[in-house]
Ligand code: UTP
């Protein structure tokens, strides 16, 4: 199994980040000095992905514009001696082969991924949620791809989450295989207390076989009347082997305010231009709190 393609569903309405997301896609909100989506694409590329399909919608054209060339701006930058920035902009557009498909109706994450069927064809593929970013030594998606390729099956990534947070995610029934890898026996979306099988939730990264498409197409609407990816995964893990990687790294959900602020702080602290400045600023600020 070789994973070359990735799908980034980014057609959600971003209602938890309103009013900021009324006209700016939440995936394009700047995290320190680049949009959230760029971090996700960098993770995909450094995990070996070559072709990236972004699932978008009619109000999110800023995403395809960002990963395009902008010759007028590049010439202006070069004329004013800012060659490095001009090259940086071009390098972003050249990072991967970008493709786009519109989700015409916002019918859920599973429905968004089903739009990728013709692009994916008959190969395994990665999914990276458009608002989940990772900070890790080894790219999180790469950790999943290695497991998927080793066990020749689908793979979902996740981590242990607290009892309080679990009802917002999903619960999994897992059997240990080795190291950080488990077999997935069952998955339940947004569990009630009596449905909890473990605190290991699935968080934003997947490697799926194309079997998922028939399953998604046949799924009835689930929670909120939407086609839920987790319902599809629950079915896929019963039909075929699926492994779970308890990934090494920190995950940030930038789709809500506190997750976005945590990511902003942590990435700014790590950034070479802002790290020292922010550390000092926080220390000074803390004295007055
Ligand atoms: P979320 O549930 O976090 O995104 O979906 P949302 O629907 O934009 O969130 P709120 O609740 O309104 O704030 C996870 C990912 O799936 C995409 C989103 O863009 C996000 O990257 N998604 C969700 C779609 O592409 N299509 C959908 O119909 C729903």
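Of the residues making up the stretch 81-97, those that are in contact with a helix residue (DSSP H, G or I) (Cβ under 9 Å, 6 or more places away or on another chain) and over 18 Å from residue 71 (Cα atoms) number 1.
For (1) in contact with a helix residue (DSSP H, G or I) (Cβ under 6 Å, 6 or more places away or on another chain); (2) away from the ligand (no atom under 16 Å from the Cβ); (3) over 18 Å from residue 201 (Cβ atoms), each residue gets a yes or a no:
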site	(1), (2), (3)
224	no, no, yes
234	no, yes, no
251	no, no, no
254	yes, no, no
267	no, yes, yes
281	no, yes, yes
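Checking residue 179 against (1) within 16 Å of the ligand (Cβ to nearest atom); (2) closer than 30 Å to residue 2 by Cβ; (3) loosely packed, with under 13 Cβ neighbours inside 10 Å, which single condition isn't satisfied? Here residue 179 meets the rest and fails (1). Scanning the stretch 120-151 for residues that are without any contact (Cβ under 8 Å) to a residue 40 or more places away in the chain and touching a helix residue (DSSP H, G or I) at 6+ places or on another chain (Cβ under 7 Å) yields nothing. When residue 32 is tested against (1) more than 9 Å from the ligand (Cβ to nearest atom); (2) at pLDDT 95 or above; (3) at negative phi, exactly one condition is not met: (3). Looking only at residues in the stretch 1-34 that are touching a residue at least 60 places away in the same chain (Cβ under 8 Å) and in a helix (DSSP H, G or I), the one that is surrounded by the fewest Cβ atoms within 10 Å (Cβ to Cβ) is 16.
Residue under question is residue 51, and the condition is that it be buried (at least 16 other Cβ atoms within 10 Å of the Cβ) and more than 21 Å from residue 210 (Cα to Cα); does it hold? Even if it seems obvious, please write down each step before you answer.
Working: buried (at least 16 other Cβ atoms within 10 Å of the Cβ): yes; more than 21 Å from residue 210 (Cα to Cα): no.
No; evaluated as a whole, the condition is false for this residue.
The values are calculated or read from the model by the stated rules, or taken from the named source; none is laboratory data. From a predicted model like this one, the values you see are computed outputs, not experimental measurements. Using ideal geometry, Cβ is built from the backbone for each residue, glycine included, and neighbour counts are taken over all protein chains shown.
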